[in-house]
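**Q** Quick one: the structure is below, and I'll ask about it shortly.
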Amino acid sequence: MNRADAVCGSPVSPLTYYTTHTYALAMRQPTPDAPRISPYSTSSASFPTSPRFSYHIAASFIGKDRPYDPSTHVFHFNPYNRIQPPRHRRRSSRPDSGHDAFFVSRINDSGSVAFGIADGVGGWVDSGVDPADFSHGFCDYMAASAYEHDPANSPPLTARRLMQQGYDAVCNDRSLQAGGSTACVGIAAPDGTLDVANLGDSGFLQLRLNAVNAYSEPQTHAFNTPFQLSLIPPSVAARMAAFGGAQLSDLPRDADVSQHYVRHGDVLMFATDGVLDNLFNHDILKIASRVMVSSGAWQMTPSGGVRVADSIDLLTRPASLAEAEPNGKPPRTVTLQSLLATEIVGAAKTASINTKVDGPFAKEVQKYYPHEQWRGGKVDDICAVVVVVSEDNSGSRSKL
């Protein structure tokens with residue numbers, strides 16, 4: 001098939017080959033006063049002069065119908081690692097995340113970092129297409145584009161622009177014939193600004209001191225029909241032209257965009273609907289609060305409030321929270337960010353196979369299709385990227 005004939009919904013830019021790669025419909029119930037994020041909204045926060053922030057990142061994942069092992073289904077981000085070009089990636093090297101995919105990459109040497117997730121649209125299986133090829137390729141290209149971004153000779157890299165670059169690249173990849181995915185992409189800068197682009201029913205949360213500070217709303221055309229990027233093969237496009245019908249094909253420009261400020265001790269989570277269809281926002285907050293308080297990253301005050309520890313950097317380093325393994329095996333690497341990621345994904349996995357406790361997806365089914373009598377969780381691929389924020393300038397940090 002001539003890839004130039006494929007329908008992608010947007011012009012395909014020439015593809016540059018890069019040198020690195022990194023690995024809801026939910027009825028969310030936020031903490032009272034947590035702002036809902038609308039397109040182009042901006043959160044406000046006051047900061048001391050010239051703060052500088054670091055981002056400590058891990059991911060956890062598991063394909064549906066697979067047993068979850070937090071010691072192996074985890075990724076620790078190292079900004080100094082170089083990874084294969086996207087075109088050289090083998091399927092066998094992918095994480096065991098099913099149709100879900102994720103990426104993390106530093107943005108050249110700017111101090112900024114890009115990260116995100118994509119959920120391959122399972123409906124393509126009916127057309128003989130592996131949805132994982134699109135979602136993993138899409139994330140591969142976004143990681144590569146972020147790593148090679150040249151701020152001196154390019155427009156500022158935004159989350160939406162990075163999504164567009166990744167989408168253009170998969171549309172121009174001759175090895176990909178069809179597919180689609182949702183996406184949620186973030187770019188965090190050393191000055192504490194966070195730019196987010198969300199398309200579909202994946203999403204993100206910003207947690208701050210026992211509260212949901214911000215979260216994304218799912219984008220859907222109808223029940224269980226999220227916004228999605230698509231690569232439509234010419235044969236499918238021809239059938240639609242001849243017999244009618246339409247294939248969903250949204251564009252990066254349709255993504256909801258929001259800007260935020262982070263603070264020392266914030267926790268960011270970007271996740272697919274495998275998490276958000278099985279855990280409410282308050283469930284995720286409860287898990288994160290337990291981990292942050294038990295590790296000492298968040299501390300109780302004599303007055304009953306919560307503060308961030310002066311320094312949390314040690315908790316984010318490998319082996320900082322090493323856990324003993326049975327049978328004399330060496331302790332597994334655990335950091336604050338990896339513990340958060342594995343606890344959230346583990347809870348989502350447990351909820352997904354629970355047939356008695358209704359999750360967010362079950363609530364939505366009961367709302368729109370009460371005759372279905374759906375109970376419990378929703379079995380799905382599950383993936384979450386977790387970011388722990390620390391401020392380098394400890395002397396001027398706000399602790400409360």
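**Q** If I filter region 204-236 down to residues being more than 21 Å from D283 (Cβ to Cβ) and among the small types (G, A, S), which single residue comes out as nearest to the chain's Cα centre (by Cα)?
**A** S230
Results for (1) buried (at least 24 other Cβ atoms within 10 Å of the Cβ); (2) in contact with an Asp or Glu (Cβ under 9 Å, 6 or more places away or on another chain); (3) at positive phi, shown as yes or no for each residue.
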| position | (1), (2), (3) |
| --- | --- |
| S92 | no, no, no |
| V125 | no, no, no |
| G128 | no, no, yes |
| A143 | yes, no, no |
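**Q** Can you say whether Q177 is more than 18 Å from I107 (Cα to Cα) and of a type in the set (S, T, N, Q), as far as the supplied structure shows?
**A** So Q177 fits the description; yes.
**Q** Can you name every residue in region 335-379 that is charged (D, E, K, R) and under 30 Å from T316 (Cβ atoms)?
**A** E343, K349
**Q** Which number in (1) buried (at least 23 other Cβ atoms within 10 Å of the Cβ); (2) farther than 24 Å from R52 by Cβ; (3) in contact with a Gly (Cβ under 6 Å, 6 or more places away or on another chain) marks the one condition that D119 misses?
**A** Failed condition: (3).
**Q** Going by the structure shown, is F75 crowded, with 22+ Cβ neighbours inside 10 Å, within 23 Å of V389 (Cα to Cα) and at pLDDT 95 or above?
**A** The answer is no for F75.
**Q** Quick one: in region 295-314, of everything that is of a type in the set (A, V, I, L, M, F, W, C) and surrounded by fewer than 15 Cβ atoms within 10 Å (Cβ to Cβ), which residue is nearest to L209 (Cα to Cα)?
**A** Only one residue fits best here, namely M300.
**Q** Identify, please: which residue in region 145-171 is outside any helix (DSSP H, G or I) and crowded, with 19+ Cβ neighbours inside 10 Å and is, among those, nearest to the chain's Cα centre (by Cα)?
**A** L157
**Q** Here is a check on your reading of the model: is A45 over 24 Å from Y167 (Cα atoms), modelled with pLDDT under 80 and crowded, with 16+ Cβ neighbours inside 10 Å?
**A** no
**Q** Right, here's the next one. Restricting the search to region 346-385, which residues are among the hydrophobic types (A, V, I, L, M, F, W, C), outside any helix (DSSP H, G or I) and within 24 Å of the chain's Cα centre (by Cα)?
**A** So the first thing to find is which residues in region 346-385 are among the hydrophobic types (A, V, I, L, M, F, W, C), and the list is 347-348, 351, 353, 357, 361-362, 365, 374, 379, 382-385.
Remaining after also requiring outside any helix (DSSP H, G or I): 353, 357, 374, 379, 382-385.
Within region 346-385, I353, V379, I382, C383, A384, V385 meet the criteria.
The values are calculated or read from the model by the stated rules, or taken from the named source; none is laboratory data. This structure is a prediction, so every number in the text was calculated from the model and none was measured. All Cβ positions, glycine included, derive from the backbone under ideal geometry; neighbour counts span all protein chains shown.
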